[in-house]
1. Of the numbered conditions (1) in contact with a Ser or Thr (Cβ under 9 Å, 6 or more places away or on another chain); (2) more than 29 Å from SER113 (Cβ to Cβ); (3) open to solvent by 70 Å² or more (accessible area, probe 1.4 Å), LYS204 satisfies every one except a single condition; which is it?
2. Filter segment 81-123 down to the residues that are over 17 Å from the mean Cα position of the chain (by Cα) and under 26 Å from GLY46 (Cβ atoms) and list them by number.
3. Taking the conditions exactly as written (open to solvent by 70 Å² or more (accessible area, probe 1.4 Å) and in contact (Cβ under 8 Å) with a residue 12 or more places away in the chain), does ASP254 satisfy them or not?
4. Against the definition (surrounded by fewer than 15 Cβ atoms within 10 Å (Cβ to Cβ) and among the acidic types (Asp, Glu)), how does ASP218 come out, yes or no?
5. Any idea which of ASP163, ASP116 is without any contact (Cβ under 8 Å) to a residue 24 or more places away in the chain, among the acidic types (Asp, Glu) and either closer than 22 Å to ASN271 by Cβ or open to solvent by 30 Å² or more (accessible area, probe 1.4 Å) (or both)?
6. Quick check on my filter: what residues within segment 219-259 are in contact with a Phe, Trp or Tyr (Cβ under 7 Å, 6 or more places away or on another chain) and not β-branched (Val, Ile, Thr)?
7. Could you list, in sequence order, the residues of segment 142-158 that are open to solvent by less than 40 Å² (accessible area, probe 1.4 Å) and either part of a strand (DSSP E or B) or touching a Leu at 6+ places or on another chain (Cβ under 9 Å) (or both)?
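The values are calculated or read from the model by the stated rules, or taken from the named source; none is laboratory data. Just so it is clear, the model here is predicted, and its values are computed rather than measured. Cβ placement follows ideal geometry from the backbone for every residue including glycine, while neighbour counts extend to all protein chains displayed. Keep in mind that these areas ignore ligands, DNA and RNA; they rest on the heavy atoms of the full protein, side chains included. Shrake-Rupley method; radii C 1.70, N 1.55, O 1.52, S 1.80 Å.
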Amino acid sequence: MAISSRVLLAAVAFLAVLELGLVSANFKDQCNITWGPQNAEFTEGGEHLKLSLVNKSSGSMVTTLKSFIYGSVSTRIMLVKGNSAGTVTTYYTSSTGNFSLHDEIDFEFLGNSSGDPYTLHTNVFADGVGAREIQFKPWFDPTADYHNYTIFWNPCMIVWYVDSFPIRVFRNYTGLPFPTRRPMFAYSSIWNADDWATQGGAVKADWTQAPFSAEYRDLDLQTCECAAGASDDACADSCASSKYAVEPRCELTDKEKRQMKALQLGYTIYNYCDKARSNVAKDPATADPVPPECDLDDKQDQGQY
């Protein structure tokens, strides 16, 4: 990216942070600790959450009390400081039940050695179909302060936002898997993944530096909640007529498209579509085909779809 573009992006980022107006919710009131309660700490009356990874098998997770279909979920996170190699901090949504058919939308933050950048990892599962990873190098220090991470989901598209900037869109194309019928919960967690998280597992966690702690605040849940005791189908039918689904927003604004393009050009370090195309070019006889949404996204971006 040219120097002028980087300066412009930094200026826009600063203004976006100033304009960011989040409705704060309470972690303690809206979440359960579902793993490692001894490593989760609510403070400030539940407005602030700290999750810690103490050893290889002792991390922590909190889960929203209510499931939902469509809407947006967001929080601000300050990631593990210093040497975070081998750790994974998360903020994601996922359905429950049959894993082979599950839906999931991920933000995962893969730690690294001191001085090296985190990897911002995104992925989506629909009807059990995953391996849709796109990774970014942060354009800021995610350990120095809190930054906002938002998952926006409606019947048309899923959008990942960082500090109000869209970094990725996953669209609902006819005939392709897309989450529409399974309620999801929102999760925040920290766990050990030093067999793969940092440089493919080459760099392990330094357990002498434990505990590794990530901090969360300003939980914001704007979703179509499932009624208590409702079946998945009942929730899906109800939320299909909610304000989050009726006349849904199906495109980014022109400004958002420019922001996303600048970030993707400057900070993408892995894209599953690019990897699949590279594999096909190298060995078309044995490589898996390029996922169909990759070409459809190109046509969409060019106004041909």
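1. (2)
2. Filtering segment 81-123 down to residues over 17 Å from the mean Cα position of the chain (by Cα) leaves 81-86, 96-101, 112-117.
Scanning segment 81-123 gives LYS81, SER84, THR96.
3. Working: open to solvent by 70 Å² or more (accessible area, probe 1.4 Å): yes; in contact (Cβ under 8 Å) with a residue 12 or more places away in the chain: no.
Considered against the rule, which asks whether it is open to solvent by 70 Å² or more (accessible area, probe 1.4 Å) and in contact (Cβ under 8 Å) with a residue 12 or more places away in the chain, ASP254 comes out as no.
4. Working: surrounded by fewer than 15 Cβ atoms within 10 Å (Cβ to Cβ): no; among the acidic types (Asp, Glu): yes.
It is false that ASP218 is surrounded by fewer than 15 Cβ atoms within 10 Å (Cβ to Cβ) and among the acidic types (Asp, Glu).
5. Working: ASP163 fails: without any contact (Cβ under 8 Å) to a residue 24 or more places away in the chain.
Only one candidate qualifies: ASP116.
6. We begin by selecting, within segment 219-259, every residue in contact with a Phe, Trp or Tyr (Cβ under 7 Å, 6 or more places away or on another chain); these are 219, 223-226, 239, 242, 244-245, 259.
Once the filter is applied, which keeps residues that are in contact with a Phe, Trp or Tyr (Cβ under 7 Å, 6 or more places away or on another chain) and not β-branched (Val, Ile, Thr), segment 219-259 yields LEU219, CYS224, GLU225, CYS226, CYS239, SER242, TYR244, ALA245, GLN259.
7. PRO142, THR143, HIS147, ASN148, TYR149, THR150, ILE151, TRP153, MET157, ILE158, listed by residue number.
Matching residues to (1) open to solvent by 80 Å² or more (accessible area, probe 1.4 Å); (2) in a loop (DSSP other than H, G, I, E, B); (3) β-branched (Val, Ile, Thr); (4) modelled with pLDDT under 95:
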position: PHE170; (1), (2), (3), (4): no, no, no, no
position: THR174; (1), (2), (3), (4): yes, yes, yes, no
position: PRO177; (1), (2), (3), (4): no, yes, no, no
position: GLY200; (1), (2), (3), (4): no, no, no, yes
position: GLN222; (1), (2), (3), (4): no, no, no, no
position: ALA234; (1), (2), (3), (4): no, no, no, no
position: LEU263; (1), (2), (3), (4): no, no, no, no
